[in-house]
Each structure stands twice: as C-alpha cells, then as structure tokens.
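The values are calculated or read from the model by the stated rules, or taken from the named source; none is laboratory data. Computed from a prediction, not measured in an experiment: that's the story for all the values here. Ideal geometry is used to build each Cβ from the backbone, glycine not excepted, and the neighbour counts take in all protein chains shown.
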C-alpha cells in the first residue's frame, strides 16, 4: 500500500473541518465547510488554499533562459525580472508534458512552478533536455505555497505587511515581502478567475503563515478552501487542468491555448514540439476544446461521451453544475468540424443522450 504524501499544512486541516482525499498521491482536503460555501466565499469575499503540493524547480546559470526557451512553447525572453509567465511544455509530437509558470528572479535565475503530479516527470524531462551552463534543482520539498483568492484578498493580506501590495500587478511578484513577520515571495497570478496572491514560504513557516492569514481575514469572512471548490472555480473561468483539458495526448492548440505557443521565438525557434504545433496552427487542429451548457436535465462529468446524430465526436473533459452561473455546464474535446457556437450535442449520461449546446466561454468572468 502506497503512503500518501502530505504537505506541511496537513496538521491544521482538521482544525477547520478538512475532509481529505487522495489527489495524485497526495492526501489533500477536498473541502472544509462545503464546496458550494467555499466557492461562493472566493467569488464574493476570499478563500485560503493550501497549494504546497505544487512543485518548484530552480533553473540557474548563463544558459538558463536558452534552456527554458527550448522547453516551453511561450517566449520567456519577453518577461522582466520579477515577472511571471504561463506556458505549456510539450513533447515533440505536440502533446503536453505539463503547463507551468516561469518566475524570473534575475537574468540567469528562474523558478518553474509545476503541477504536483508531474514534479518528478518534469524534473527528469528538463534535465534530460538541458544543455550548456545550467543548474537545475528540485526545491519542492522545502517550499510551501498558500493561495489567497477573492475580491477581499488584497485587503486581508495588506493587514499583515507594510509592503504596498497594490504595486504587485497581475503576473508580477515581489521576491521578499515580510508577511506576519515571515519572509515570503508574493505573486499575483491566480487559478480561480478572481484577484489574489500566492505566498511562497519556507516549509517550516507554513503553519504560522496559514494561521496568520486566517486570523487576519476572520472579520472579512475568509475561509479555508479545498480542492473541490478550487476545481469549480477554475472550471467556470475556463482555466485548464492537466490530465483533463491538456495532457500528453492533447496539445495546447487543441485545448485553445494557441496564444501561449510562440512559433517565432527569435532566440530559440526550434523549441520542443514546434514542428508539430506549427503544423496544427497551419492546417487547423482536428480536435477543439469547447464549452457547452445542458439544455435538458443532467450533469455532465469527465469522460462522458459526446455525440452528434448518434456518432461519437469526443468526450467531456470537465463538467458539473457551475455554482456561480447556476447552470449545468461542461468542457469537451470534440472533432473540430462540430466546434461552433450553437451546435447541439448529445452528452451520454447513464447510457442516454441528453441535449446540450455549445456556448461562448469562459462561463464566468469577474468584473474588473
């Protein structure tokens, strides 16, 4: 029997009523007070997430940027020091190794933030595909990451620091911020469709940081949030989840992430997967990710078959009742010829076709 991994925050879950599940080999909270309550708190107030299971790979050296440019599809030469970048990382056939964030700390120093289930695989991949003067270190075990998300996130976190958090713009970060007496890296990216911050601390300081933030947000209705609401929040905002919207068999082009594939990167034109992705961009992908809502009663779920006129054309990647939009909605990877707004689909639920229709996405977008 495999022992599940635990983050440094595992001891505090029970204090807030956390119910844990096996998530990619990690024992993580699926919910605290309840998925719907937690979802609503993040949309209207704020929620605190333990995302310490995510991985951090440090890339340093004179050839650090050149290596990153080889590994990822986006253009890391465009980001400045203290700026972050989202990118897929692909295999030669265009399928995704992972999707990740690149944090630029200095001209020759970067941190890659990768998905928890892919830490070892990603580390092996980048080491195998490295060259020149570069040092790659897996820092994951020593770093904890907390995410504070929601419209009141800045107000709550500002109570704990003298640093002007409004100076951290979207997809930027501050390398050293003292939060509640603890030194942290604070970034502003998010995975919920709301404003918010990521707080990276030494793993030994994780519990103290968690408790300080919860206490600071108590009067503003801050709640701890589990994986269940994290998934419904990111899904309504149409943010991809590795293993569902993208995977080793789904390319960024098919997943609607073509804007993060820069075929014309001046300093590294032959990044891994470029030829396959260029072909898909030129000829058009054979499959496309679409959003749909149910016309008839039924909740779509991951892997449910999608049909048109009795023929299978794809499958649901994520589906549920959207707590904010109050509709049964889903994302599906289907044959490109059917991927048009207004196209009716049959979602096979309990062996019966249930009608849905393709609609514009994201399902939810916050007001600025």
inquiry  = I'm told residue 326 meets every condition in (1) more than 18 Å from residue 359 (Cβ to Cβ); (2) free of Cβ contacts under 8 Å to residues at least 12 places away in the same chain except one. Can you identify the failing condition by its number?
reply    = (1)
query = Does the stretch 13-23 include one or more residues that are surrounded by 15 or more Cβ atoms within 10 Å (Cβ to Cβ) and over 19 Å from residue 214 (Cβ atoms)?
reply = yes
query = How many residues are surrounded by fewer than 20 Cβ atoms within 10 Å (Cβ to Cβ) and in contact (Cβ under 8 Å) with a residue 24 or more places away in the chain when one looks only at the stretch 24-44?
reply = 9
request  = State all residues of the stretch 341-368 that are free of Cβ contacts under 8 Å to residues at least 60 places away in the same chain and under 24 Å from residue 242 (Cα atoms); if no residue qualifies, say none.
outcome  = 347, 348, 349
ask   = on the phi > 0 side of the Ramachandran plot, under 15 Å from the mean Cα position of the chain (by Cα) and surrounded by fewer than 24 Cβ atoms within 10 Å (Cβ to Cβ), is that true of residue 243?
value = yes
task = Look at residue 112 and say whether it is surrounded by fewer than 23 Cβ atoms within 10 Å (Cβ to Cβ), touching a strand residue (DSSP E or B) at 6+ places or on another chain (Cβ under 8 Å), outside any loop (DSSP other than H, G, I, E, B) and not assigned by TED's automatic domain parsing to the domain that holds residue 168.
result = no
task = Among the residues of the stretch 130-158, write down those that are more than 13 Å from residue 57 (Cβ to Cβ) and surrounded by fewer than 17 Cβ atoms within 10 Å (Cβ to Cβ).
result = 131, 132, 133, 155, 158
query = Given the structure, is residue 186 in contact with a helix residue (DSSP H, G or I) (Cβ under 6 Å, 6 or more places away or on another chain) and touching a residue at least 12 places away in the same chain (Cβ under 8 Å)?
reply = no
key: Residues of the stretch 126-183 classified as in contact with a strand residue (DSSP E or B) (Cβ under 6 Å, 6 or more places away or on another chain), part of a loop (DSSP other than H, G, I, E, B) and closer than 17 Å to residue 201 by Cα, total   = 4
ask   = Do you know which residues across the stretch 267-294 are at negative phi, loosely packed, with under 14 Cβ neighbours inside 10 Å and assigned to a loop (DSSP other than H, G, I, E, B)?
value = 267, 269, 270, 286
ask   = Of these, 252, 240, which one is at pLDDT 95 or above, part of a loop (DSSP other than H, G, I, E, B) and within 30 Å of residue 157 (Cβ to Cβ)?
value = 240
task = For the stretch 192-211, indicate whether the set of residues that are under 21 Å from residue 35 (Cα atoms), surrounded by 15 or more Cβ atoms within 10 Å (Cβ to Cβ), modelled with pLDDT of 95 or more and over 18 Å from the mean Cα position of the chain (by Cα) is non-empty.
result = yes
